[in-house]
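**Student:** Questions regarding the structure given below will be posed in turn.
The values are calculated or read from the model by the stated rules, or taken from the named source; none is laboratory data. Predicted model only: the values in this text are computed from it and were never measured. Positions of Cβ are generated from backbone atoms using ideal geometry, with glycine treated the same way; all protein chains shown enter the neighbour counts.
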Ligand SMILES: Nc1ncnc2c1ncn2[C@@H]1O[C@H](COP(=O)(O)OP(=O)(O)O)[C@@H](O)[C@H]1O
Ligand SMILES: [Mg+2]
């Protein structure tokens, strides 16, 4: 059995207000799903819930990752089991370069997965502090940056320098490439992304996609789907998935907007 993400009858509230109201969704490794929906329908609420954000309270339902209860895992266990959630990193860390940040983040996950020989520590470093050897990490990082078309200089930037929306997306994709997750959740919150950034994300996902990776791409706008064709498209409305289909559903949404979905499912609200 693969490391599938299974969401069953998920009910989530924020500050006592019910937002997700019985959401069902399965993302298997190798599949690309787009979750679309009007603003306020609960898309980011799902992302935050999967991330384990304390503000998002699960009232009912379950989320399984590879058959295990995801909701009972802490953030590092989620990553270790193969879930990738964008923006798990602190946006500002004074004096830390992107490369160093990625080195410790990727090392942590590999340690937990047993992919990093901790006994090779030396220098009195405790097993929790063992990092991927610098030279190996540099090689891997540069290789992936090259494959994703990211300039080398980028890795030397400091995290507290402030990255633009597009640059954050680039970091996200780079982190995704380095962590080799089984299931990746990407919330395309930033509607202000320029076309270049959009392309970076789409091309990145395309390059990384394959039988080992399942993707849940959360997006309000259809435009990113011009660059990447999902296998499945779902429409979230008032906390429930009311429509599911193939890529043609996204095309319909582009042409007709969300109004027809609202009319068709008026009883949901
Ligand atoms: N942290 C929060 N505090 C209060 N309300 C929230 C919070 N997050 C989401 N909500 C509310 O939940 C609803 C769904 O929001 P969200 O999940 O961001 O939708 P989407 O991402 O689809 O635009 C909105 O009514 C929003 O106001
Ligand atoms: Mg959102």
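**Student:** Of all residues in the stretch 149-200, which are closer than 30 Å to residue 67 by Cα, in a loop (DSSP other than H, G, I, E, B) and either within 16 Å of ligand 2 (Cβ to nearest atom) or at pLDDT below 90 (or both)?
**Tutor:** Matches in the stretch 149-200: 188, 189.
**Student:** Something else now. Quick one: which residue in 176, 142 is touching a residue at least 60 places away in the same chain (Cβ under 8 Å) and in contact with a helix residue (DSSP H, G or I) (Cβ under 7 Å, 6 or more places away or on another chain)?
**Tutor:** None of the others qualify; the one that does is 176.
**Student:** Follow-up question, since we're still on this one. Within the stretch 246-259, is even one residue within 16 Å of ligand 1 (Cβ to nearest atom), under 24 Å from residue 29 (Cα atoms), modelled with pLDDT under 95 and not in a helix (DSSP H, G or I)?
**Tutor:** Within the stretch 246-259 (the criterion being within 16 Å of ligand 1 (Cβ to nearest atom), under 24 Å from residue 29 (Cα atoms), modelled with pLDDT under 95 and not in a helix (DSSP H, G or I)), the answer is no, since none of the residues qualifies.
**Student:** Yes or no: the stretch 210-220 includes at least one residue that is part of a helix (DSSP H, G or I), surrounded by fewer than 21 Cβ atoms within 10 Å (Cβ to Cβ), touching a residue at least 60 places away in the same chain (Cβ under 8 Å) and under 16 Å from the mean Cα position of the chain (by Cα).
**Tutor:** no
**Student:** Can you give me the number of residues within the stretch 216-234 that are more than 18 Å from residue 5 (Cα to Cα) and within 13 Å of ligand 1 (Cβ to nearest atom)?
**Tutor:** Count: 3.
**Student:** Within the stretch 129-155, take every residue that is exposed (fewer than 12 other Cβ atoms within 10 Å of the Cβ) and more than 25 Å from the chain's Cα centre (by Cα) and give me the one that is nearest to residue 207 (Cα to Cα).
**Tutor:** In this case the residue turns out to be 136.
**Student:** Spot the failing condition for residue 23; the list is (1) within 16 Å of ligand 2 (Cβ to nearest atom); (2) touching a helix residue (DSSP H, G or I) at 6+ places or on another chain (Cβ under 7 Å); (3) outside any strand (DSSP E or B), and only one is missed.
**Tutor:** Among (1) within 16 Å of ligand 2 (Cβ to nearest atom); (2) touching a helix residue (DSSP H, G or I) at 6+ places or on another chain (Cβ under 7 Å); (3) outside any strand (DSSP E or B), residue 23 violates only (3).
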